[in-house]
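Below you'll find the structure, written out as structure tokens, and then a few comments.
The values are calculated or read from the model by the stated rules, or taken from the named source; none is laboratory data. If you're wondering where the values come from, they're calculated on a predicted model, not measured in any experiment. Here Cβ is always computed from backbone atoms with ideal geometry, including for glycine, and neighbour counts include all displayed protein chains. Quick note on the areas: whole protein, heavy atoms, side chains included, nothing else; ligands and nucleic acids left out. Shrake-Rupley method; radii C 1.70, N 1.55, O 1.52, S 1.80 Å.
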Amino acid sequence: MRGSRETETPYREAVPQTWSTGPGDEDLQVTICGGGNAAHLLAGLLSTRPGLRVNVYAPYGDEAQRMRQGIARRGGIVVVAAEERWVGRPHRVSADPSQVVPGSGLVMLALPAFAHEIVLRDIAPYLDEGAWVGALPARGGFDWCAFDVLGEKGSALILFGLQTLPWACRLRTYGEEVALLGTKKRVDLATWPPHYAGKVARRLSDLLGVRLQPIPNFLSITLANTGQLIHPGVMYGMFRNWDGHPYAKAPLFYQAVDGPTAQILQRLSDEVQTLREVLEHRFPHLDLSAVRPLDEWLRESYRDTITDPSTLQSCLVTNRSYAGLNVPMRRADDGLVPDFRARYLSEDVPYGLVVTRGIAELAGVATPTMDQVIGWAQARLAREYLVNGHLQGRDLGASRAPQRYHLETLEAVVKGQEEVPSYVLPAARVPVQA
Ligand code: NAD
């Protein structure tokens, strides 16, 4: 799969055919893949943009049908923010990729990472040459997954990945209404080939109304994935000593973070920073400056919604964008119990922590806290990644660890990531909309 990456020329020629380069987007068709919170938000918001034709590919269960019914009832998808609301009506919603993907210049996977591979396989035959195809958020190893699935076709596309979803959002009524709870101040974006990052970031900043910052490589996106730290870290902190007794109501997720849990998050973040230092030392041209410590990332992303930014714990507990968000729970006989199969573990462990742990293993960097969290989480998920201190468990093939893609050396992981992007784009010049 790396072979497709190494052929440089096709990437450089891959200028999207269906992507308007002028000020308007008259000819642009966008396909949003997914049927959950983020897909509703994107479908609603983008459908309000004049000139865009927005399709939704929702292959999961009966979601396409339910979404169509919801849209018909409300006349569109209603996006409700604190002081504003928008109604956008997508052009077409389908579970059949042949109906919604061909002709799209921009394809966005707004899905948990465990669905990326499935959806990429579905849509691959229908992708136009030169289309921009990316994930919001990318999580770990999205580029490896995409090249593995797309093969040679990948070299005729421009891949992009966002470090996180720019919004916090939750569905209120399926197909009808989604709540926009908060917007991050800045979100990093990487592309393959790397030198497209400036162009893609500018365009998507305009379209999405958020500030996207181009960064030099996908490896930074993988390592700077903060979901991999926060979600499994908080679940571990909160439930590592849980006695199995059901809860009467779901505990708060972020606002209930206590001192010991914040320390676990700090140690996870420190381990990523150590890995970053080792990689930068080993590869002096590799720019991983976008891999920031967790508290710094929180302060920058949520500058306007954190009341007390003094500590990592206070950044989580006093962040209005996180207010009221609960631990994912499921019903049990006598009440509610934590849902360990929810994406906070099922996405963020195999497509997050395990990916970073795989890179750390190749770098010879010790990750004791990561190992503790992965060990605990894999037991809850009934999966096996880490065995006797090495990533060699039977479920590694259902992760995005570099070892799964036969990237067995650091050189193989870093290959192509050291290219210095040709964009020169001071942060202040990135177009920003409110
Ligand atoms: P979600 O939980 O709403 O996504 C569930 C949806 O994923 C399903 O409704 C379905 O459409 C799709 N899906 C699940 N399994 C599938 C499969 N096997 N095949 C095809 N589709 C499948 O997720 P979300 O809240 O929309 O989040 C999307 C991404 O954004 C995730 O990576 C999440 O971690 C991240 N994120 C979300 C938020 C948020 O506020 N919602 C904030 C930060 C990051």
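Among the residues of the range 47-67, those that are assigned to a helix (DSSP H, G or I) and either more than 15 Å from the ligand (Cβ to nearest atom) or open to solvent by 10 Å² or more (accessible area, probe 1.4 Å) (or both) comprise 63, 65, 66. Counting the residues of the range 296-352 that are touching a helix residue (DSSP H, G or I) at 6+ places or on another chain (Cβ under 7 Å) and assigned to a helix (DSSP H, G or I) gives 14.
From the list 343, 267, 282, the one residue that fits, being within 21 Å of the chain's Cα centre (by Cα), closer than 30 Å to residue 190 by Cα and open to solvent by 20 Å² or more (accessible area, probe 1.4 Å), is 343. For the range 24-42, a residue qualifies if it is modelled with pLDDT of 95 or more, out of contact with any Phe, Trp or Tyr (no Cβ under 8 Å at 6 or more places or on another chain) and away from the ligand (no atom under 11 Å from the Cβ), and the qualifying residues are 29, 30. Checking 93, 79, 87 one by one, the residue that is open to solvent by 10 Å² or more (accessible area, probe 1.4 Å), over 21 Å from residue 118 (Cα atoms) and either in contact with a helix residue (DSSP H, G or I) (Cβ under 8 Å, 6 or more places away or on another chain) or at pLDDT 95 or above (or both) is 87 and no other. Here are the criteria: (1) in a strand (DSSP E or B); (2) open to solvent by 20 Å² or more (accessible area, probe 1.4 Å). Tell me which single one residue 165 does not satisfy. Only one criterion in (1) in a strand (DSSP E or B); (2) open to solvent by 20 Å² or more (accessible area, probe 1.4 Å) is unmet by residue 165, namely (1).
This table checks each residue for (1) surrounded by 23 or more Cβ atoms within 10 Å (Cβ to Cβ); (2) over 17 Å from the mean Cα position of the chain (by Cα).
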{"residue": "174", "(1), (2)": "no, yes"}
{"residue": "178", "(1), (2)": "yes, yes"}
{"residue": "183", "(1), (2)": "no, no"}
{"residue": "186", "(1), (2)": "no, no"}
{"residue": "191", "(1), (2)": "yes, no"}
{"residue": "195", "(1), (2)": "no, yes"}
{"residue": "199", "(1), (2)": "no, yes"}
{"residue": "207", "(1), (2)": "no, yes"}
{"residue": "212", "(1), (2)": "yes, no"}
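Residues checked against (1) more than 12 Å from the ligand (Cβ to nearest atom); (2) open to solvent by 20 Å² or more (accessible area, probe 1.4 Å):
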{"site": "351", "(1), (2)": "no, yes"}
{"site": "355", "(1), (2)": "yes, no"}
{"site": "362", "(1), (2)": "yes, yes"}
{"site": "371", "(1), (2)": "yes, yes"}
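Can you give me the number of residues within the range 163-176 that are more than 9 Å from the ligand (Cβ to nearest atom), of a type in the set (D, E, K, R) and out of contact with any Lys or Arg (no Cβ under 7 Å at 6 or more places or on another chain)? Residues in the range 163-176 being more than 9 Å from the ligand (Cβ to nearest atom), of a type in the set (D, E, K, R) and out of contact with any Lys or Arg (no Cβ under 7 Å at 6 or more places or on another chain): 1 in total.
Considered as a group, the residues in the range 214-242 that are among the small types (Gly, Ala, Ser) and touching a strand residue (DSSP E or B) at 6+ places or on another chain (Cβ under 8 Å) include one that is surrounded by the fewest Cβ atoms within 10 Å (Cβ to Cβ), and that residue is 220. Among residues of the range 387-399 that are within 20 Å of residue 144 (Cα to Cα), those with a beta-carbon under 7 Å from a residue that is surrounded by 12 or more Cβ atoms within 10 Å (Cβ to Cβ) and basic (Lys, Arg) at least six positions away or on a different chain give the pairs 391/357; 395/383; 396/404; 397/404.
Checked against (1) under 14 Å from residue 175 (Cβ atoms); (2) within 24 Å of the chain's Cα centre (by Cα), residue 69 meets all criteria but (2). Scanning the range 292-325 for residues that are polar (S, T, N, Q) and more than 20 Å from residue 183 (Cβ to Cβ), which turns out least open to solvent (accessible area, probe 1.4 Å)? Per the criteria, the residue is 314. If you check residue 277 against the conditions, is it open to solvent by 60 Å² or more (accessible area, probe 1.4 Å), acidic (Asp, Glu) and at pLDDT 95 or above? So residue 277 fits the description; yes. The residues of the range 121-162 that are near the ligand (Cβ under 10 Å from one of its atoms) and either surrounded by 20 or more Cβ atoms within 10 Å (Cβ to Cβ) or assigned to a strand (DSSP E or B) (or both), listed by number, are 135, 136, 137, 138, 139, 162. Selection within the range 96-116: residues that are open to solvent by 50 Å² or more (accessible area, probe 1.4 Å) and within 14 Å of the ligand (Cβ to nearest atom). The member of this set that is farthest from the chain's Cα centre (by Cα) is 96. Condition check for residue 289 on (1) buried (at least 19 other Cβ atoms within 10 Å of the Cβ); (2) within 21 Å of the chain's Cα centre (by Cα); (3) among the hydroxyl-bearing types (Ser, Thr, Tyr): one failure, at (1).
Taking the range 373-389, which residues are outside any loop (DSSP other than H, G, I, E, B) and surrounded by 13 or more Cβ atoms within 10 Å (Cβ to Cβ)? Residues satisfying the conditions are 373, 374, 375, 376, 377, 378, 380, 381, 386, 387.
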